[in-house]
Amino acid sequence: MPRQVERHFHSSPLTNAIRDMHRMESLSLLDTGIHRLHPVTKLITTIAFLIAALSFERHAVGRLLPLFLYPLVIAALADLPWKPFLKRLLAVEPLIVGIGILNPLFDPVPISIGDITLARGWLTFLSIVLKTSLAVLAALQLIACTGMERMLSGMHLLGMPRVLVMQISLTYRYITVLAEETGRLLTAYTLRSSGKRGVRAAAWGSLAGMLLLRSFDRAQRVHQAMRLRGYSGYAPLPPGTRPGLRDAVFLACWLSWFVLIRLADLPLLLGRWMTGFFG
Amino acid sequence: MSHHKLEAIDLKYGYPDGHEAIRGISFEAVHGEAVGIIGANGAGKSTLLMLMMGLLHPNAGKVRIGGVELTAKTLPDIRKRVGMVFQNPDDQLFMPTVGEDVAFGPRNAGLAELEVNQRVTMALERVGILHLRDRAPFKLSGGEKHAAAIASILAMEPDILVLDEPTAGLDPRARRRVMRLLAGFTHTRLITSHDLDMILDLCPRVVILKEGKVAADGLTRQLLAEPDLMADCGMEVPALLQPCARCGHVPFCGHCPSGASVPSGASVPSCASVPSG
């Protein structure tokens, strides 16, 4: 393989994305107290966290801040590195900014924060950025601490239909298959494209068709290999995997925290207390 | 009744496009036997394996494993007893690490985590890649991937192993390693391959397929040395079984007269050029 093409193949955004995905799931193999928790416990906590984050009204920026305690504590207890999470967060940030950037125009009502006066839309914009960042972080941490298969088993235990669990599981497995086939096709195309960049519009149809057929064929073989090793839609949890006291404590603590920050404006109370203390 | 016996009884299968891939195949493999399934491209080897594993359902005929007929009801149990290694290990390895991949089968079988770990360690040790346990499968070399794919099957402790082209695409060293590994197994083995030297080494018996039928079934050394049969089935006699260019003996016989000369243009080895043994 010529060096230029080799480099293109081995460092293309596609292969990097696959590598990142594998890296994220490989973190689920760590053995910490958080990793040992039952997947249902982590799922319920994450869902409660997301509900808490999304339930705040759209101008409540300050009240979202105590929610950051959750990803911070999980990252510390589960020994998760920050870099891959921040990298992935930055990757979705442009999309989030794109969604909220027009808010200051749609909601120009001026509000004052101390000596600063600004459009209320900036608060809703900031609220969207914070809420989505929290949601992305929590979802990534859930995968990194649980692993895809265990998480899907947990979802099944929580009542998600088996067919849906299977769909998600296979989609996740086949992303790699699809990406690998795309990589191969693009490499073969690049090798015969006389150095021209990109794919000619005339070749898009046949490339997409070929990609579909090849991915379908390969996905069938992967599925056969899975079925031969007893796969029946989702990987069941090992027998004896039941939530224990540790799970109950973890769940009780975090649910209490989410309820507390939902009912009380902790940043405001903290501010008043500090003002009173120092004043 | 042996759990390790494998039988195909008058199997027939046609693909939806009308192509009759298997047209009445019968054979059996008994406890501990290694049987090679060979044939030209399109002879029906892969389709036969799919039928034996219950991945395809025959239009007629039966498959029996350990005396139990393969049906939708018996399939889950039978799959626990028969392990298949795919031709392309990339089709088989899909978990983030080698260890997780090897654990996939035992976990699906509902084993406790302690036993899953023991089986993973045992299987990886058996194929000599315990040190690769935490590596990502897509970063392994071809030989390592084949070893990992075999380990993922061994972890399920099958009675019968079905191997589709186990040495395809391997360099000579990796090929020898896989062959040594397979030679050490005592399972009933069904091996398809175009690598006739490997079949000669590992399988005392061979079933030759031609256009979806059994063309011959017998001792590998005898059948593979028959030029007419091999040519009729779209194959060639392996170099090691071709007659010596000098004396006419099969190489390795050690009878080549020292004065005999190699005919000009001879492309086959002679006794004098191939070490005996």
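Tabulated results
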{"item": "Number of the exception - residue A:145 against (1) surrounded by fewer than 19 Cβ atoms within 10 Å (Cβ to Cβ); (2) part of a helix (DSSP H, G or I)", "result": "(1)"}
{"item": "Count of the stretch B:128-141 residues which are in contact (Cβ under 8 Å) with a residue 12 or more places away in the chain, at negative phi and more than 9 Å from chain A (Cβ to nearest Cβ)", "result": "7"}
{"item": "Meets criteria (closer than 20 Å to residue A:228 by Cβ, surrounded by fewer than 20 Cβ atoms within 10 Å (Cβ to Cβ) and within 12 Å of the chain's Cα centre (by Cα)) for residue B:168", "result": "yes"}
{"item": "Output for the stretch A:47-104, where each listed residue is in contact with a Lys or Arg (Cβ under 8 Å, 6 or more places away or on another chain) and surrounded by fewer than 15 Cβ atoms within 10 Å (Cβ to Cβ)", "result": "A:54, A:55"}
{"item": "The stretch A:186-203 residues that are at positive phi, paired with ones that are in a helix (DSSP H, G or I) (beta carbon under 9 Å, 6 or more apart)", "result": "A:195/A:4"}
{"item": "Residue list for the stretch A:238-254, restricted to those being away from chain B (no Cβ under 14 Å) and open to solvent by 60 Å² or more (accessible area, probe 1.4 Å)", "result": "A:243, A:245, A:246, A:249, A:253"}
{"item": "Among (1) open to solvent by 10 Å² or more (accessible area, probe 1.4 Å); (2) farther than 19 Å from residue B:25 by Cβ - the single one residue B:198 does not satisfy", "result": "(1)"}
{"item": "Unique match (being of a type in the set (D, E, K, R), out of contact with any His (no Cβ under 8 Å at 6 or more places or on another chain), within 12 Å of another protein chain (Cβ to nearest Cβ) and farther than 18 Å from residue A:231 by Cβ) among B:115, B:100, B:144, B:125", "result": "B:115"}
{"item": "Qualifying residue in the stretch B:87-94 (condition: over 17 Å from the mean Cα position of the chain (by Cα) and surrounded by fewer than 23 Cβ atoms within 10 Å (Cβ to Cβ))", "result": "yes"}
{"item": "When residues of the stretch A:167-188 are limited to those that are away from chain B (no Cβ under 14 Å) and of a type in the set (A, V, I, L, M, F, W, C), the one farthest from residue A:232 (Cα to Cα)", "result": "A:188"}
{"item": "Options B:114, B:130; residue that is out of contact with any Ser or Thr (no Cβ under 9 Å at 6 or more places or on another chain), farther than 27 Å from residue A:214 by Cα, modelled with pLDDT of 85 or more and surrounded by fewer than 19 Cβ atoms within 10 Å (Cβ to Cβ)", "result": "B:114"}
{"item": "Residue A:211 being open to solvent by less than 80 Å² (accessible area, probe 1.4 Å) and either modelled with pLDDT under 85 or in contact with a Ser or Thr (Cβ under 8 Å, 6 or more places away or on another chain) (or both)", "result": "yes"}
{"item": "Those residues of the stretch B:171-192 which are open to solvent by 30 Å² or more (accessible area, probe 1.4 Å), outside any helix (DSSP H, G or I) and in contact with a helix residue (DSSP H, G or I) (Cβ under 8 Å, 6 or more places away or on another chain), in sequence order", "result": "B:171"}
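Quick grid of which residues meet (1) within 14 Å of another protein chain (Cβ to nearest Cβ); (2) over 21 Å from residue B:191 (Cα atoms); (3) assigned to a loop (DSSP other than H, G, I, E, B):
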{"position": "B:22", "(1), (2), (3)": "no, no, no"}
{"position": "B:27", "(1), (2), (3)": "no, no, no"}
{"position": "B:55", "(1), (2), (3)": "yes, no, yes"}
{"position": "B:71", "(1), (2), (3)": "no, yes, yes"}
{"position": "B:76", "(1), (2), (3)": "yes, yes, no"}
{"position": "B:79", "(1), (2), (3)": "yes, no, no"}
{"position": "B:87", "(1), (2), (3)": "yes, no, yes"}
{"position": "B:91", "(1), (2), (3)": "yes, no, no"}
{"position": "B:96", "(1), (2), (3)": "yes, yes, yes"}
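Each row is one residue, and each column tells you yes or no for (1) touching a strand residue (DSSP E or B) at 6+ places or on another chain (Cβ under 8 Å); (2) at pLDDT below 90; (3) assigned by TED's automatic domain parsing to the domain that holds residue B:93.
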{"site": "B:137", "(1), (2), (3)": "no, yes, yes"}
{"site": "B:141", "(1), (2), (3)": "no, yes, yes"}
{"site": "B:155", "(1), (2), (3)": "no, no, yes"}
{"site": "B:163", "(1), (2), (3)": "yes, no, yes"}
{"site": "B:170", "(1), (2), (3)": "no, yes, yes"}
{"site": "B:173", "(1), (2), (3)": "no, yes, yes"}
{"site": "B:177", "(1), (2), (3)": "no, yes, yes"}
{"site": "B:184", "(1), (2), (3)": "no, yes, yes"}
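To keep it simple, each residue is scored yes or no on (1) in a helix (DSSP H, G or I); (2) in contact (Cβ under 8 Å) with a residue 40 or more places away in the chain.
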residue: A:19; (1), (2): yes, no
residue: A:26; (1), (2): yes, no
residue: A:46; (1), (2): yes, yes
residue: A:49; (1), (2): yes, yes
residue: A:57; (1), (2): no, no
residue: A:75; (1), (2): yes, yes
residue: A:87; (1), (2): yes, yes
residue: A:117; (1), (2): no, no
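One line per residue, one yes/no per condition, for (1) more than 13 Å from chain A (Cβ to nearest Cβ); (2) out of contact with any Gly (no Cβ under 7 Å at 6 or more places or on another chain); (3) crowded, with 22+ Cβ neighbours inside 10 Å:
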site: B:33; (1), (2), (3): yes, yes, no
site: B:46; (1), (2), (3): no, yes, no
site: B:63; (1), (2), (3): yes, yes, yes
site: B:82; (1), (2), (3): no, yes, yes
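The values are calculated or read from the model by the stated rules, or taken from the named source; none is laboratory data. Bear in mind the structure is a predicted one, so any value in this text is a computation, not a measurement. Ideal geometry is used to build each Cβ from the backbone, glycine not excepted, and the neighbour counts take in all protein chains shown. Just so you know, the surface numbers come from the protein's heavy atoms only, side chains and all, with ligands and any DNA or RNA stripped out. Shrake-Rupley method; radii C 1.70, N 1.55, O 1.52, S 1.80 Å.
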